[in-house]
1. Taking the options B:A274, B:A263, name whichever one is within 14 Å of chain A (Cβ to nearest Cβ), of a type in the set (A, V, I, L, M, F, W, C) and either touching a Gly at 6+ places or on another chain (Cβ under 9 Å) or surrounded by fewer than 24 Cβ atoms within 10 Å (Cβ to Cβ) (or both).
2. Please enumerate the residues belonging to segment A:385-401 that are touching a residue at least 40 places away in the same chain (Cβ under 8 Å), surrounded by 17 or more Cβ atoms within 10 Å (Cβ to Cβ) and not small (G, A, S).
3. Only one residue in B:N334, B:N346, B:N329 is assigned by TED's automatic domain parsing to the domain that holds B:G454 and out of contact with any Leu (no Cβ under 8 Å at 6 or more places or on another chain), so which one is that?
4. Limited to segment B:119-144, what total is found for residues that are in a loop (DSSP other than H, G, I, E, B) and surrounded by 16 or more Cβ atoms within 10 Å (Cβ to Cβ)?
5. Please work out which residue is farthest from the other protein chains (Cβ to nearest Cβ), limiting yourself to segment A:381-407 and to residues that are out of contact with any Leu (no Cβ under 9 Å at 6 or more places or on another chain) and in a strand (DSSP E or B).
6. How about segment A:301-331: which of its residues are under 18 Å from A:V258 (Cα atoms) and either aromatic (F, W, Y) or under 17 Å from the mean Cα position of the chain (by Cα) (or both)?
7. In segment A:13-58, which residues are part of a loop (DSSP other than H, G, I, E, B) and either among the aliphatic types (A, V, I, L, M) or at the interface with another protein chain (Cβ under 7 Å from one of its Cβ atoms) (or both)?
8. With (1) in contact with a Leu (Cβ under 7 Å, 6 or more places away or on another chain); (2) in a loop (DSSP other than H, G, I, E, B); (3) of a type in the set (G, A, S) as the list, and B:A157 as the residue in question, which single condition is left unmet?
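The values are calculated or read from the model by the stated rules, or taken from the named source; none is laboratory data. What you see is a predicted model, and the numbers here were worked out from it, not measured in a lab. Cβ: placed from backbone, ideal geometry, glycine included. Neighbour counts: every protein chain shown.
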Amino acid sequence: MIVLDLEALNEDAVSTAKRLGAEDAIALTARVRDRMIRFANSSVTTANHVEEAELMVYLTKNKKRAIASTSNLESSSVKRFVRDLFDSLKGLPESEYVSLPDRASKYSPSTLGFDRKLVEVGEELPEFAKTAISASLAAGGNRSAGVIDAGTIWYAILTSTGTKGSDSRTSITLNIRSFAEKDASGHGLSCSSTLAGFNPEEAGSRAGRDAKKMRGASEPQPGAYQVLLSPTVAANIVETVGMAASAFSVDAGTSYLVEKLGKKVADESFNLTDHGTVKGGLGGRVFDDEGTQTRSTPVIQNGILKTYFHNLTTAKKWKTKSTGSAGLVTPHGWNYEVGAGDSSYEEMVKEMRRGIILTSNWYTRFKNYRTGEFSTVPRDGAYLVENGRVTRPLKGMRAGDDLPRMFSSVQLLSKDREWIEWWEVDTPTLCPWMLMDGVKITRAYE
Amino acid sequence: MKLQEGKQLAESAVSKALSAGASYAEARIQNTRSRQFIMKNGESQPSFFAEGYGIGIRVISRGALGFAATNEMKPRLVTELAERAVKLARASAPVLKRKITFDSSKAVRKKWAAPEKVKIENADATWLRKVLLDIEGRIGDGRAGVKLPGRFLVLDAELEEKYYVNSDGAEVEARLPRIGFFGSLTASEGGATAQRFLQQGETGGLEVVKRVRLVEKVEEEAKMMGKVLKTAGKPPTDTIDVVLSPELSGIAAHESVGHPQEADRVLGREGAQAGESYLKANSLGRKIGSVEANISDDPTLLHSMGYTPVDDEGVAAKKRRLIKNGVINEFLHNRATAREFGLESNGASRSVSFDREPIIRMSNTFVEPGDYSTEELTKEVKHGVFFKTFTEWNIDDKRFNQRYVALEAYLIEKGEVKGMVKGPVLEITTPRLWGSVKARSKNMDFEAATCGKGDPQQGAPVWTGGPETLLTGIRLGAR
């Protein structure tokens with residue numbers, strides 16, 4: 001529906017900024033088409049279609065910097081917007097500043113993570129929902145709640161030093177929970193950058209199977225356990241490691257990775273890489289917010305912290321180079337990949353003497369980001385494992401730990417991995433099952 | 001000015017949706033302007049401002065809801081959007097088991113504005129920065145008596161303007177200015193660290209900074225962190241009394257009363273994301289706490305972050321008595337859930353942006369005041385802990401099993417506040433928590449917070465608060 005010319009908007013913004021006397025200028029536009037259907041009690045509750053675009057502009061003059069975004073994109077409004085932004089520089093102090101590189105880069109869209117078929121998807125969503133609900137019911141769930149979200153996003157960038165490019169991404173995700181009886185629920189996800197990779201039936205089945213298996217769940221004995229985290233749970237925890245790896249978090253004191261560069265921060269079996277673009281990746285793009293080319297960045301290799309995420313400003317402060325991770329203020333990852341192990345799920349369960357399998361979680365909150373102390377609340381399928389055998393379903397618990405200890409206790413990683421992106425995981429993450437030891441499980445006083 | 005330009009578009013969107021077959025239609029133009037300044041360890045970050053302007057259209061057709069939104073405000077495109085919303089609703093029919101209908105709430109026609117003394121438009125980067133520099137002047141370089149190697153301060157001045165119209169006759173125009181502050185402070189002493197995440201805010205203009213004593217409060221927090229690191233001892237492990245401060249009373253009211261009493265959760269409609277509720281539709285009248293457990297949600301509180309005299313369905317909002325004398329008394333409703341309960345909406349439907357549909361939200365959720373002074377309440381405690389501020393917290397998705405970890409906490413012995421205790425944990429079920437309330441002070445206070453719900457996420461500004469609340473027979477820590 002939206003017919004905006006993103007490149008023309010960028011030209012308008014950057015040429016206006018240059019005319020006004022800006023030294024550096026960046027214009028970054030994003031156009032989004034988002035289609036969603038939600039259901040609860042196995043009945044659709046709403047269908048959404050959002051078409052919107054946004055322009056972000058960055059300007060510098062005399063080491064003063066300002067950033068602004070607008071969704072008011074008529075040409076006269078854009079000129080006024082850039083003028084207002086430029087005028088606002090006058091009252092600002094000098095700030096940490098690095099000029100844009102002189103060398104201009106040109107970027108073409110990556111073919112990774114874009115499926116033309118997903119651009120027009122919309123009317124199919126009710127059928128996908130019906131498939132997932134039916135599969136859940138057939139697998140043992142009584143009723144389901146869920147959301148299917150098909151997103152397409154187009155980007156374009158232009159800088160005052162001539163860097164120019166465009167890119168686009170597609171994604172389709174299903175998040176479904178199935179309920180069998182009081183406190184018995186299961187969770188399923190299907191996350192794909194292509195229509196062919198989307199499997200609502202499998203996600204629905206998984207949710208229904210777990211809901212059925214959770215019947216009769218009871219509380220565990222509190223204590224330290226081996227825990228086998230599903231890719232869904234592991235991705236939620238790994239995302240907090242990614243946040244801690246931002247140089248901004250390190251500087252702001254909200255990272256447990258302060259003074260850990262080159263040091264051991266996890267078991268040697270743990271590897272974390274970030275990709276600007278990657279096959280199957282649901283996020284990212286070929287350029288970052290400063291026009292630097294994104295890349296694959298090994299963050300943790302064999303348990304050793306190799307780098308923080310940097311933009312141009314944090315890189316200067318740390319006397320290194322940008323990792324293509326801007327965020328103009330906060331550098332960040334795009335698509336995380338946790339390295340695969342060589343175990344099957346069944347082999348991992350057999351390795352557990354006294355452990356708990358967790359398939360989903362929510363509400364991860366930190367007591368202290370500097371020490372990495374946190375707790376999270378498991379939900380849906382959770383099972384006690386004794387001497388390599390699943391013995392009973394569990395409910396009503398909380399898992400708590402600190403990130404340095406937890407990641408030093410990684411015992412096994414699965415060879416199978418899944419892409420995860422949902423309500424509790426913003427950064428798409430390719431993640432295996434992860435077996436960790438000594439995680440504290442608690443229960444509330446009743 | 002922008003809002004005026006959009007009015008005609010909103011009205012034509014509603015009539016177009018009706019002529020396309022909708023039985024109900026509404027349109028909301030929303031114009032949001034935000035100016036923000038960030039300071040990290042005393043260093044100014046780039047100033048930031050944002051403008052958001054667009055239209056959201058929601059319809060009911062054949063018993064299904066459709067929502068469409070855009071920021072390209074061209075008449076032809078908005079017309080197409082209205083038709084698309086109707087098509088979306090109709091396309092849902094194969095998966096629609098329960099038709100959606102609205103109650104017969106009185107449609108409000110009103111223009112309202114939150115009071116402000118110094119217009120929010122005066123909050124430029126220079127003013128925002130000066131406030132943060134004032135804070136830095138109190139806490140930087142160890143001036144608060146403790147090293148603070150991590151100081152991340154954000155001050156935000158936002159103006160939200162809305163024009164809302166629906167096919168039931170509602171027409172609402174609103175102006176809502178807000179000042180919001182977020183601070184993350186990391187204190188360090190002898191290799192140990194403590195962190196405080198502090199949020200403050202009110203609706204209003206630039207006067208808010210002084211009214212909430214922002215600079216002084218941040219300084220007090222910094223000083224407190226030094227004391228925690230230097231003096232806090234171990235909390236008791238036996239059965240004790242616990243006094244929850246206004247901050248703790250407020251977060252507990254929000255998490256374990258407000259959320260489970262959102263009617264959409266009760267009916268299972270947030271099941272895939274924020275979860276359901278330990279309460280069912282027939283739980284009204286169920287005793288869940290002591291007679292001293294009285295918790296309300298009130299969108300009409302002047303200056304509050306959740307101030308919403310008319311909601312985003314054109315319904316007059318009013319105070320809701322969620323738990324009254326320990327009994328589940330009322331749920332939070334929009335027009336659809338009210339209809340299912342055979343009631344009229346109590347005006348709890350809100351949206352944070354033009355591209356988000358309105359959903360049931362809390363506004364300002366709090367424990368009602370009692371009649372004790374703070375001193376009288378403390379004297380009631382023979383052996384206990386006063387939870388003054390918290391860091392980590394969470395709760396399960398039925399809102400039954402919750403955890404609050406205190407940062408600033410004190411031992412109370414024989415009615416007197418003694419030394420600090422380190423990191424006491426209250427991990428407790430909802431009935432146990434509210435069933436343990438013995439008394440409440442009359443000392444009310446509120447904190448600003450951002451409430452998360454919805455898919456896509458909608459972070460809604462709210463207040464949480466209450467008086468000091470005395471709980472008896474509590475075991476700290478977790479089992």
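1. B:A274
2. Correct list: A:V385, A:P393, A:L394, A:K395, A:M397, A:R398.
3. The conditions single out B:N334.
4. Adding up the residues that qualify gives 3.
5. Here the answer is A:R389.
6. Hits for segment A:301-331 are A:Y308, A:F309, A:W318, A:T330, A:P331.
7. Hits for segment A:13-58 are A:A22, A:N41, A:S42.
8. (2) is the only condition that B:A157 fails.
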